Amino acid sequence: MTPADGGAEIVERIWARDPTLWTGADEAQWLGWLDEPWRMREDIDLLLQFAESVVDRIDTVVLLGMGGSSLAPEVIKQTFRQDTFNVLDTTHPRAIRSLESRLDLKRTLFISSSKSGSTLETRSHTDYFWEKTKDGQQWVAVTDPGSELEKLAQQREFCATFSGEPTIGGRYSALSPFGVVPASLMGIDLTRLLDRAIEMADACRQAEGNPGLELGLSLGEGWRDGHDKICVSPSPGDFGLWVEQLLAESTGKQGKGLIPAPGEPADGPDRQAQEVRVTGPYELGQEFFRWEFATAVAGSILGINPFNQPDVQAAKDKTREVLAAGGEPDVSPQGSAEELFAQASPGDYVCIQAFVDPTEEAAQKVLALADRARQATGCVVTHGFGPRYLHSTGQLHKGGPPTGLFLQVVDDVGEELAIPGQPFGFGKLIRAQAAGDFASLAERGRRVARIRLEDV
């Protein structure tokens, strides 16, 4: 069989929803994203009517979501430079207070976005800001049918609830209501955005000249040759933020995985360069679909199920254990950056996990720490803010290859901020998330250390 024949067969089997292309498990139940651009195209008038109905009474939109519910909206916001749209995906008390201080709460629309409807961070954010507003006309829910969040939205009389497609996993949901509802509230031309996605979806049906297939084969065959670090080219809208979750959560399992490294140099024996093709903002639509299709193709080469996330729950369970134990979570320093970096071998990667207030100043410190790690190890270095990365790259860290060195960074969370109806506040929650993830990594024998931001 020639590579061209093999590629044509992969394409045919993806569109035929053939689960044996991967592991023969439940993959066929998670391919709704293949048809979603057309489904959403039919809902454009409804979305535009809703956006027009609220435009005169709001100045700002705040999306409360994590992972697949927040990363596509964040990339759309940055690509289209929408300053009045905010994404809250941290549980750090100072960050929540900082956002609240910039809002006119009576002129703010909140989007509570969670496929499962039970995401702890999103439900905590929702309850916190509900106590400040208690007006359903300022609230929208985006969630899968029958979820706890859908029931809450009915109970609190939210002005709208948009249903997700249950056959789409969170990280494949950029072109579903989880990405398109926020886009409608940014005033983006949805027809233009979705038409570009449909053009790409049509191209991804072809046996030859198929952009998604070509990317997927490049990713998978590069991995087979030992180039498992995916150095994604920089883009104005930080498209790599979204790609990180898509690749890491889809492929990082069974000790295998594509390790996304946005912005990292591609000159190294364990690396491959991949470009982001977003020369204009509306090309986001096609690029979302191209990478989704490519990830499905690459998953078939890795021989894994690219639609599940079996190790994500581990950190959540550990967080709940820490919270249930009472007392203060232990986030004291463990080891040092230098000791951790000294353990690096060729082919490893370093991940800096910052459970800190994601300010510009903190981001610069994290980037400086990343530079130190590169110089000390010669390895690819990735970084993420917690708890966001738990919903993004956390699956790879635990289920992927044991080549990561994990440096957790914590800070002083400041005065506690209560969560309505919970025996813990946001400060305790983010500390428990840091402690829980550290314990989960350590249990798996991962190399991990913890330092304080003030010591960087």
A careful count of residues in segment 310-338 that are in a loop (DSSP other than H, G, I, E, B) and under 19 Å from the mean Cα position of the chain (by Cα) gives 2
Looking at Asp83 and the list (1) over 26 Å from Val278 (Cβ atoms); (2) without any contact (Cβ under 8 Å) to a residue 40 or more places away in the chain; (3) in a loop (DSSP other than H, G, I, E, B); (4) within 24 Å of the chain's Cα centre (by Cα), which single condition is not satisfied? (1)
Some residue of segment 388-395 being within 16 Å of Gly257 (Cα to Cα) and in contact with a Ser or Thr (Cβ under 6 Å, 6 or more places away or on another chain): no
Give just the number: which of (1) touching a Pro at 6+ places or on another chain (Cβ under 6 Å); (2) over 19 Å from Pro358 (Cβ atoms) does Leu63 not satisfy? (2)
Which members of segment 419-456 meet the condition of being open to solvent by 70 Å² or more (accessible area, probe 1.4 Å) and over 22 Å from Val312 (Cα atoms)? Gly421, Gln422, Pro423, Arg452, Glu454, Asp455
Looking only at segment 263-276, filter to residues that are part of a loop (DSSP other than H, G, I, E, B) and touching a residue at least 40 places away in the same chain (Cβ under 8 Å); which one of those is surrounded by the most Cβ atoms within 10 Å (Cβ to Cβ)? Glu264
Single match in Pro234, Pro166 (criterion: touching a residue at least 24 places away in the same chain (Cβ under 8 Å), open to solvent by 40 Å² or more (accessible area, probe 1.4 Å) and touching an Asp or Glu at 6+ places or on another chain (Cβ under 6 Å)): Pro166
I'd like to check something: does segment 298-309 contain any residue that is on the phi > 0 side of the Ramachandran plot and assigned to a loop (DSSP other than H, G, I, E, B)? yes
For segment 193-210, how many residues meet the condition of being part of a helix (DSSP H, G or I) and either among the basic types (Lys, Arg) or crowded, with 19+ Cβ neighbours inside 10 Å (or both)? 6
Counting only residues in segment 344-382 that are of a type in the set (Ser, Thr, Tyr) and under 19 Å from Asp437 (Cα atoms), the one surrounded by the most Cβ atoms within 10 Å (Cβ to Cβ) is identified as Thr382
Part of a loop (DSSP other than H, G, I, E, B), open to solvent by 20 Å² or more (accessible area, probe 1.4 Å) and in contact with a helix residue (DSSP H, G or I) (Cβ under 9 Å, 6 or more places away or on another chain): is that true of Lys77 in this structure? no
With the condition kept exactly as written, say whether any residue in segment 285-302 is more than 28 Å from Glu36 (Cβ to Cβ), of a type in the set (A, V, I, L, M, F, W, C) and crowded, with 19+ Cβ neighbours inside 10 Å. no
Sole exception among (1) of a type in the set (Val, Ile, Thr); (2) free of Cβ contacts under 8 Å to residues at least 60 places away in the same chain; (3) part of a loop (DSSP other than H, G, I, E, B) for Val413, by number: (2)
Please list, ordered by first then second residue, the pairs with beta carbon atoms under 6 Å, 6 or more apart or interchain, first in segment 116-135 and open to solvent by 10 Å² or more (accessible area, probe 1.4 Å), second part of a helix (DSSP H, G or I). Ser118/Glu148; Lys132/Leu105; Thr133/Leu105
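The values are calculated or read from the model by the stated rules, or taken from the named source; none is laboratory data. Everything numeric in this text was worked out from a predicted model, so none of it was measured. Don't worry about glycine lacking a Cβ; one is built from the backbone with ideal geometry, like all the others, and counts go over all protein chains shown. The accessibility values were calculated without ligands, DNA or RNA, using every heavy atom of the protein model including side chains. Shrake-Rupley method; radii C 1.70, N 1.55, O 1.52, S 1.80 Å.
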